[in-house]
Every structure is written in C-alpha cells, then in structure tokens.
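**Student:** One structure follows; several queries about it will come next.
The values are calculated or read from the model by the stated rules, or taken from the named source; none is laboratory data. Computed from a predicted model, the values in this text were never measured in an experiment. Counting neighbours? That spans all protein chains shown, and the Cβs are built from the backbone with ideal geometry, glycine included.
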Amino acid sequence: MSNGQSPSSGTKRAILEAAVRLFAKHGYAATPLSMIAAEVGIRKPSLYNHYANKEAILAAVFELFRTHVRPPQDAESMLAQLEGRSAEQVLNGMIDWYMTHTDQAEIADTWIILSEEQFVNAAAAQLILEVTERMVEFTRSAFRWMHARGLLPHLENPTQAGEAFGYAFRGIRLEYVLRRHHGFPTDEPRRRMQALAQFFATGGGMNL
C-alpha cells in the first residue's frame, strides 16, 4: 500500500473509522457488527480477524481519542508562539487551536460517542474526566503564563481564572459539537467563544 500500511492494518483502521461514524450516527448499542462490516465492505467473520468483539472496537475508539485529543505536552512552547500578543489574542489563539482539532470529523464523532456512553460505561466516563482535566490544566498554565507577562493585571488568582475559563469553554465547545453533529447552525457558540475570550481578557474574571 502506498502509505506503508499492510492490507491487514489498513482494514483494521477502516473498521475503526467506520465504527466511529456509525456509533456516532446510530449509537453504540444500536450498531451491530454486521453494519460495521458492511460499511467497510467485508464479511462479518472477517472483522473478527482484527477485533475480538464490539467492545474491543469501542476500546480502540477510546484509545484513538485519548491519543489525538490532548493539549500540547509543553504548554510553554505553544504559548511562546503567541508571545507579544494581547491577552484576548492569546485566548482566541488557544480557542482556535482546540477548534481545529474539534472540527476534525473523527474527533467530533468520538465526542458524540463518549457523551452518550459516559453514563453507562465507566471507561468512557474516565476518559472524559481525563481529557477535561488535561485541557483545564493547560488553561490554568496559560493564565499563569499571561499573568506573569502582565497581560492580565486585573486577576487576583490566574490559576482559578484559568480553571473557570477552561470549564466555560468546554461547555460551549460541547454545544458546538452537538450542533455540528446534527447540522444545526454553529455561529452562536463560536460567537460565545469569542465573547468568553474578551470577557476574561478585559477583566471579567478580576475577582478570581
């Protein structure tokens, strides 16, 4: 294969991609293995050459999400790229970075799967908590970084403000994902993201 994958690994990846699309569209419980196999263009027995069962596919979906949805491991390096910008520009730059990932169909669909499964699947709940904490820790670090450079002089507690920003942004982003998934307009949540950045950059979190 031109991408260096073996036919077997290519099929395994195709199964995973099909499962993500179908789980997001129909729900995990309502998606039989036969539907996934048909989507890939293989027979159901062939699917077992790659995954032992549907639970194994779901676990692979979760691992894919864990691998790809993460803030930069080195927050300082990413933030250094925003050196010299205003606080509002830094916050909007962070939002744009996250939304670039969010707009990837596979990631957006996996958010839908996790949102549905989190109340019945402990692994899904744990993954959402893990990814959320990583994101919020990044926003805490970003606010401390901005405060140290005098970009947020009004803040009393940049760590707490960064946490508040992170959780607020997470909520708006989830609304964006839901709207995007169902074909609803997404202009309003994007506007609220910009308003959130302006709010914190201009003193909205001054008592935090």
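**Student:** Can you name the residue in region 155-203 that is surrounded by fewer than 17 Cβ atoms within 10 Å (Cβ to Cβ) and more than 27 Å from GLN104 (Cβ to Cβ) and is also farthest from the chain's Cα centre (by Cα) among such residues?
**Tutor:** Going through the qualifying residues, I end up with GLU156.
**Student:** Any idea which residue in region 175-208 is modelled with the highest pLDDT, counting only those that are hydrophobic (A, V, I, L, M, F, W, C) and more than 27 Å from LEU152 (Cα to Cα)?
**Tutor:** Restricting to residues being hydrophobic (A, V, I, L, M, F, W, C) and more than 27 Å from LEU152 (Cα to Cα), the top hit is PHE184.
**Student:** Within region 145-182, how many residues turn out to be touching a residue at least 60 places away in the same chain (Cβ under 8 Å) and of a type in the set (Asp, Glu)?
**Tutor:** Going through region 145-182 one residue at a time, the tally reaches 0.
**Student:** Follow-up question, since we're still on this one. Output the residues belonging to region 197-208 that are in contact (Cβ under 8 Å) with a residue 60 or more places away in the chain and part of a helix (DSSP H, G or I).
**Tutor:** Matches in region 197-208: ALA197, GLN198, PHE200, ALA201.
**Student:** Moving on. Looking at (1) in a helix (DSSP H, G or I); (2) free of Cβ contacts under 8 Å to residues at least 40 places away in the same chain, which is the only condition GLY84 fails?
**Tutor:** So GLY84 meets the others, but not (1).
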